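Structure record follows, encoded as structure tokens.
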Amino acid sequence: MLHEPVVDLKNCSVYQAEYEVLKEVNLVIDKGEFVYLVGKTGSGKSSFLKTLYGALELKSGEGKVCGEDLKKMNWKNISQLRRKMGIIFQDFNLLNDRTIKENLIFVLKSTGWKKGKEMDKRINDVLASVGLEGKAWKSPHQLSGGEQQRVVIARALLNEPLMVLADEPTGNLDPETADDIVRLIRQVCKERNMAVVFATHNYNILETYPGRVVRCQSGRLLDEKNYLV
Ligand SMILES: Nc1ncnc2c1ncn2[C@@H]1O[C@H](COP(=O)(O)OP(=O)(O)O)[C@@H](O)[C@H]1O
Ligand SMILES: [Mg+2]
């Protein structure tokens with residue numbers, strides 16, 4: 001169990017309704033591993049991530065993610081799976097009528113936290129780890145895009161997931177802020193031994209921060225092992 005990979009897919013297909021987006025997908029991601037997911041718009045990156053977090057059904061193949069069997073997904077398994085994952089989207093998906101703290105409390109309560117003091121401590125910890133200490137009382141619209149994405153990263157860390165899935169998290173940011181966000185995600189996940197799947201079509205990021213690359217192309221997921229500049 002100790003060395004079980006966080007993602008283990010054997011001959012999987014990714015479907016959007018009846019349309020097969022990717023086929024014959026084989027992929028193993030180890031604990032703490034950082035992986036870029038690249039490919040043109042429409043090549044299947046988001047669909048692939050949705051399959052990993054149980055939003056799209058695994059219709060063929062065998063898949064285990066964070067110890068959960070993707071073939072046996074029901075509402076209970078999905079909530080168990082989601083608790084072991086942090087998900088970061090391009091659009092920040094923050095509730096704009098609530099403060100940062102309220103946004104984070106909302107997530108903690110919906111994942112079973114009850115004690116106010118414990119929630120406060122956890123929120124202070126995650127905000128500090130993304131450099132936003134003292135901003136808990138602000139509303140999302142009082143923060144810059146980069147700061148909002150930091151809140152989203154903090155939110156993804158709340159339940160100390162095994163893996164973080166990031167779907168083009170820098171897509172709405174200027175290049176310098178995008179750089180900060182990549183560096184931050186890499187750093188906080190490395191410190192906590194969390195695996196990361198980071199979807200992007202920004203090749204500058206790969207050149208600045210090289211790493212393992214898997215590519216969606218022509219209906220397949222190609223494992224390129226290492227991207228060398
Ligand atoms: N909700 C959906 N219903 C049907 N087809 C979809 C849906 N979302 C995406 N697709 C199709 O699946 C393919 C892959 O899309 P997507 O996974 O969004 O790619 P990417 O994230 O790489 O841009 C595209 O052909 C797209 O049109
Ligand atoms: Mg996408």
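The values are calculated or read from the model by the stated rules, or taken from the named source; none is laboratory data. These numbers were taken from a predicted model, which means no experiment stands behind them. Here Cβ is always computed from backbone atoms with ideal geometry, including for glycine, and neighbour counts include all displayed protein chains.
General observations
- Scanning region 1-54 for residues that are over 19 Å from V196 (Cα atoms) and of a type in the set (G, A, S) turns up S13, A17, G42, S43.
- Residue check for M85: within 27 Å of N193 (Cβ to Cβ), of a type outside the set (V, I, T), surrounded by 13 or more Cβ atoms within 10 Å (Cβ to Cβ) and over 20 Å from the mean Cα position of the chain (by Cα): no
- Enumeration of residues in region 185-229 that are of a type in the set (K, R) and within 16 Å of ligand 1 (Cβ to nearest atom): R215, R220
- Single residue of region 15-46 satisfying the filter (surrounded by fewer than 19 Cβ atoms within 10 Å (Cβ to Cβ) and of a type in the set (S, T, N, Q)) that is farthest from C216 (Cα to Cα): Q16
- Checked across region 132-151, the condition of being touching a Lys or Arg at 6+ places or on another chain (Cβ under 7 Å), surrounded by fewer than 16 Cβ atoms within 10 Å (Cβ to Cβ) and among the aromatic types (F, W, Y) holds for at least one residue.
- Sole exception among (1) buried (at least 21 other Cβ atoms within 10 Å of the Cβ); (2) under 30 Å from P140 (Cβ atoms); (3) not aliphatic (A, V, I, L, M) for C12, by number: (2)
- Flag if S129 is more than 16 Å from ligand 2 (Cβ to nearest atom), among the small types (G, A, S) and surrounded by fewer than 15 Cβ atoms within 10 Å (Cβ to Cβ): no
Each row is one residue, and each column tells you yes or no for (1) under 19 Å from the mean Cα position of the chain (by Cα); (2) at pLDDT 95 or above; (3) farther than 26 Å from Y53 by Cβ; (4) more than 16 Å from ligand 2 (Cβ to nearest atom).
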| site | (1), (2), (3), (4) |
| --- | --- |
| F89 | yes, no, no, no |
| I105 | no, yes, no, yes |
| K138 | no, yes, yes, yes |
| R150 | yes, yes, no, yes |
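- Of everything listed in (1) modelled with pLDDT under 95; (2) surrounded by 16 or more Cβ atoms within 10 Å (Cβ to Cβ); (3) out of contact with any strand residue (DSSP E or B) (no Cβ under 8 Å at 6 or more places or on another chain), the single unmet condition for L206 is (3).
- Scanning region 158-184 for residues that are in contact with a strand residue (DSSP E or B) (Cβ under 6 Å, 6 or more places away or on another chain) and more than 16 Å from ligand 1 (Cβ to nearest atom), we see that the one that is nearest to G32 (Cα to Cα) is M163.
- Among the residues of region 55-73, some residue qualifies, meaning at least one is away from ligand 2 (no atom under 16 Å from the Cβ), basic (K, R) and free of Cβ contacts under 8 Å to residues at least 12 places away in the same chain.
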